[in-house]
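Contents: one structure, followed by commentary.
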């Protein structure tokens, strides 16, 4: 499975048309999600809460920056881990949100194309996080704990202080809270305790070592074995 994700990531990084198409899709998600979905909530929230309010648009923005770093040969292991955590957590949370909504009210006439688009786009967001997980370092223990602490704090801000994402009447607040909590615990445990054998590979270097040149990951072949 890790090899499959690694091959997909390499394919994206080595094909400019595919890469920039993905970045354009992310940009649309950041602008539309931040302006349309979270715009009224951001307008009503204090400035200190803004980093915690637009969950998925912010995750897409972090992923865009992380992928640009990989494309241009930057080695930002801890930042890639931070972005991957956001993409997987908020991507899966949104999928769980819509599944619960549809199980309660079904597809609402006139709105189901938008709902289906949001569902599919967040499958993509989750996949982006899994791809970024191929290049997370691994980060040191302080960085891992700091990332987990940030996303634990986001639960407090969202559900303790009332800045959680907009919910439909079919999705109880308790369901949203426990979904976010369980995802944070599971991803936090994976980040804090796994050894990441797959992330020991080269995180990507620029071809020729020049700034502005797309990154081409370099792998060292295993030495030949005596027979």
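The values are calculated or read from the model by the stated rules, or taken from the named source; none is laboratory data. Please read these numbers as outputs of a predicted model, since none were measured by experiment. Every residue, glycine as well, gets a Cβ built from its backbone with ideal geometry; the counts of neighbours run over all protein chains shown.
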Legend entry - Entirely in segment 1-115, the helices (runs of 4 or more DSSP H) that have 1 or more residues that are buried (at least 21 other Cβ atoms within 10 Å of the Cβ): 2-14, 16-32, 55-71, 77-105
Legend entry - Residue selected from segment 124-147 under the condition in contact with a helix residue (DSSP H, G or I) (Cβ under 7 Å, 6 or more places away or on another chain) and without any contact (Cβ under 8 Å) to a residue 60 or more places away in the chain, by the criterion surrounded by the most Cβ atoms within 10 Å (Cβ to Cβ): 126
Legend entry - Members of segment 172-203 found to be buried (at least 19 other Cβ atoms within 10 Å of the Cβ), modelled with pLDDT of 95 or more and either out of contact with any helix residue (DSSP H, G or I) (no Cβ under 6 Å at 6 or more places or on another chain) or part of a loop (DSSP other than H, G, I, E, B) (or both), listed by number: 176
Inset, instruction - Quick one: residue 106 ticks every box in (1) within 19 Å of the chain's Cα centre (by Cα); (2) over 23 Å from residue 40 (Cβ atoms) except a single one, so which number is it? - result: (1)
Inset, instruction - Can you give me the number of residues within segment 130-155 that are within 14 Å of residue 188 (Cα to Cα) and in a helix (DSSP H, G or I)? - result: 16
Inset, instruction - Spot the failing condition for residue 214; the list is (1) surrounded by 13 or more Cβ atoms within 10 Å (Cβ to Cβ); (2) within 16 Å of residue 88 (Cα to Cα); (3) at pLDDT below 95, and only one is missed. - result: (2)
Legend entry - Residue pairs meeting the criteria (Cβ under 9 Å; at least 6 apart or on separate chains; first in contact (Cβ under 8 Å) with a residue 60 or more places away in the chain, in segment 13-37; second surrounded by fewer than 13 Cβ atoms within 10 Å (Cβ to Cβ) and not in a helix (DSSP H, G or I)): 37/166
Legend entry - Residue in segment 156-163 that is in contact (Cβ under 8 Å) with a residue 40 or more places away in the chain, in contact with a helix residue (DSSP H, G or I) (Cβ under 6 Å, 6 or more places away or on another chain) and assigned to a loop (DSSP other than H, G, I, E, B) present: yes
